[in-house]
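> I'd like to ask some things about the structure below.
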Amino acid sequence: MTETVEMDDARKRYEFKKTLEKLESKQGSGTELITIYIPPDKQIHDVTAQLRDEFGQCSNIKSKQTRTNVQSAISSILSRLRYYKNPPQNGMAVFCGTVQLGGDRTSLDCTIIEPPEPLNLYMYRCSSNFELEPLREMLEEKNIYGLLVLDRREAYWGFLRGNRIDPVGGVTSTVPGKQRKGGQSSVRFQRLREIAINEFYTKIGERASAIFLAEKDFFERFKGVLIGGPSPTKEEFEAGEYFHHEVQKRIIGLFDVAYTNEDGLSELVDAAKDALKGMDVVREKEYMNRFLKELVQEDSLAAYGEDSVRKNLELGAVDVLLLSSSLRKSRVRIKCQNCGHSEERTIHLEPGKTIEDIIPHTCRKCTAPLVVDEEVDIIEELTRLADQSSTKVEIISNDFEEGSILFSAFGGIAAILRYRTGL
Ligand code: ZN
């Protein structure tokens, strides 16, 4: 039976991020690690033609070791590309080369990644490390925010996509200035002016709402609206509920900005930086607070630590599994190639470290080299258990107090239970 597990975006990003970290830690001894980015519209046979050409040019490489390693990597890539008629839907990234394992040992390592978003570049690079920047860019936040700047004379709107501002359009008003012309009664002038302002706000609200609501996957991705401008214009606009109600209820905040044309959008994003940072952690914070509150209850529905959480997951008793985004924990079996002695260890990976940096390199019994026989990523193992019992998995970042407590005080693994198990 094949199970299809619907992973949410946060988890996909987390898995993707871990893969990139692993690749990032790999080093070649010379310029012998090959990176290839293949966009979806590139012909595979064009790529293989270039690879054969590069193979031929290897004779120019002075170091014999580097030459041999580059040629092995190219051969390995060519044999893997044979399985592809065309690149996958989003293209593919190939990382291949002889990486150092510590203790003078090396291994030919090949990873093919089908990226979460379409690749838009072709690249062949040979270096002492893998080129990861195009994939790292895909890790940027995919949330969208609506932007609106306005005063009584003009308004401009657009989007904030990840870190990019996307200006869309604006409108100017015919609201008369504050000074009335001679002959008009003051009361009548004020009345006309208010009508004109109201009409202008209505027009802004309708047009900007239509643009925001037309955004693809509005209900999933549209996280809120920022309004900028002088006072009291922006306050008036918010209080008057000129936006469509689905947009109105997503207003995050009002911010003072000087410009109300296209330039005002980036001024608005700068002014709202702290508010935006807060948005990402609001939900995670709620889960952590629920967990911490449970923890002190007499009939506590909280569990933490790898063992306890694993047992509860196996029972199907976990409602929400909380995992720290900083946690990199593996269980590895290391084995002596000479005498067959093997041992199991649980290791915590720090950024930039590989498993080989941490494990002992020589056998206790015969001093022959040890190799990693098996590696189990504990986070992957726990999330797989969670998927089997429809448990919600929340990846909790370290960027706020309760989040860092999960990592420092609870080993990065905690759970809110469906019922009490005493485990
Ligand atoms: Zn041994």
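The values are calculated or read from the model by the stated rules, or taken from the named source; none is laboratory data. Source: prediction; values computed, not measured. Here the Cβ positions follow ideal geometry from the backbone for every residue, glycine too, while neighbour counts run over all protein chains shown. Just so you know, the surface numbers come from the protein's heavy atoms only, side chains and all, with ligands and any DNA or RNA stripped out. Shrake-Rupley method; radii C 1.70, N 1.55, O 1.52, S 1.80 Å.
> Which one of GLY411, CYS363, ILE347 has its Cα pushed farthest toward the positive end of the charge dipole of the stretch 324-423, where Lys and Arg give +1 and Asp and Glu give -1 at the Cβ?
Projecting each Cα onto the dipole axis, the largest value belongs to CYS363.
> Distance from the Cα centre of the stretch 267-329 to that of the stretch 81-124, in angstrom?
With the stretch 267-329 and the stretch 81-124 each reduced to a Cα centre, they are spaced 34 Å.
> Of ILE195, ILE144, which has the most accessible area and how do the rest follow, probe 1.4 Å?
ILE195, ILE144
> Please list the non-local residues whose amide H lies under 5 Å from the amide H of PHE243, H modeled 1.01 Å from N, same-chain partners needing a gap of 5 or more.
Result for PHE243 returns nothing.
> What shape does the stretch 278-423 have by the C-alpha gyration tensor, where a ≥ b ≥ c are the square roots of the eigenvalues, rounded means a/c under 1.5, and otherwise prolate means a/b greater than b/c and oblate the rest? Let's see the in-between values first.
On the way: a/c = 2.85, a/b = 1.93, b/c = 1.48.
The shape class here is prolate.
> Also, quick follow-up: Under the rule of at least 5 residues apart or a separate chain, name every residue whose amide H is placed under 5 Å from the amide H of GLY224.
Here the answer is GLY146, since their amide H atoms fall under 5 Å of that of GLY224.
> Let me check I've understood the local charge: for LYS17, count other residues with C-beta under 11 angstrom from its C-beta, Lys and Arg +1, Asp and Glu -1. What total comes out?
+4
> I need the phi-derived Karplus couplings for the stretch 70-85: 6.51 cos²θ - 1.76 cosθ + 1.60, θ = phi - 60°, integer Hz, Gly and Pro marked x.
Result, rounded to whole Hz: 5, 5, 4, 4, 4, 4, 4, 5, 4, 5, 6, 5, 4, 7, 10, 7.
> Give me P(r) over the chain, computed from all C-alpha to C-alpha distances, binned every 20 Å, as integer percentages.
That works out to 20, 41, 29, 9, 1, 0, in percent per bin.
> Take a quick pass over the stretch 86-225 and tell me how many lysine pairs come in under 24 angstrom between Cα atoms, counting only ones 8 or more apart or on separate chains.
Step by step, the pairs that qualify in the stretch 86-225 add up to 5.
> Classify the stretch 279-337 from the C-alpha gyration tensor, please: rounded if a/c falls under 1.5, else prolate or oblate depending on whether a/b exceeds b/c.
Because a/c hits 1.5 or more and a/b fails to exceed b/c, the stretch 279-337 counts as oblate.
> Tell me, what % of the accessible area of the chain is carbon and sulfur with a 1.4 angstrom probe?
Answer for the chain: carbon and sulfur cover 46 percent of the accessible area.
> List the lysines whose alpha-carbon lies under 22 Å from that of LYS293, not counting same-chain residues fewer than 8 positions away?
LYS285, LYS311, LYS392
> Now for a separate question. Starting from the amide H of ARG105, placed 1.01 Å from N in the peptide plane, find each other amide H under 5 Å away whose residue is 5 or more places distant or on another chain.
Sorted by chain and number, the residues that satisfy this come to none at all.
> So which trypsin sites (Lys or Arg not before Pro) in the stretch 175-229 pass both tests, a DSSP loop state and at most 16 other Cβ atoms within 10 Å of the Cβ?
LYS178, ARG180, LYS181, LYS216
> Under 26 Å between alpha carbons, and skipping anything fewer than 8 positions from LYS64 in its own chain: which lysines qualify?
Cα-Cα hits under 26 Å: LYS26.
> If you put +1 on each Lys and Arg Cβ and -1 on each Asp and Glu Cβ, how big is the dipole of the stretch 278-423 around its Cα centre, in Debye rounded to 20?
Numbers: 19 positive and 26 negative charges, 79 e Å.
Charge dipole, the stretch 278-423, about its Cα centre: 380 debye, nearest 20.
> Can you order the peptides 364-376, 405-417 by their average number of other Cβ atoms within 10 Å per residue, highest first?
In descending order of packing, they fall as 405-417, 364-376.
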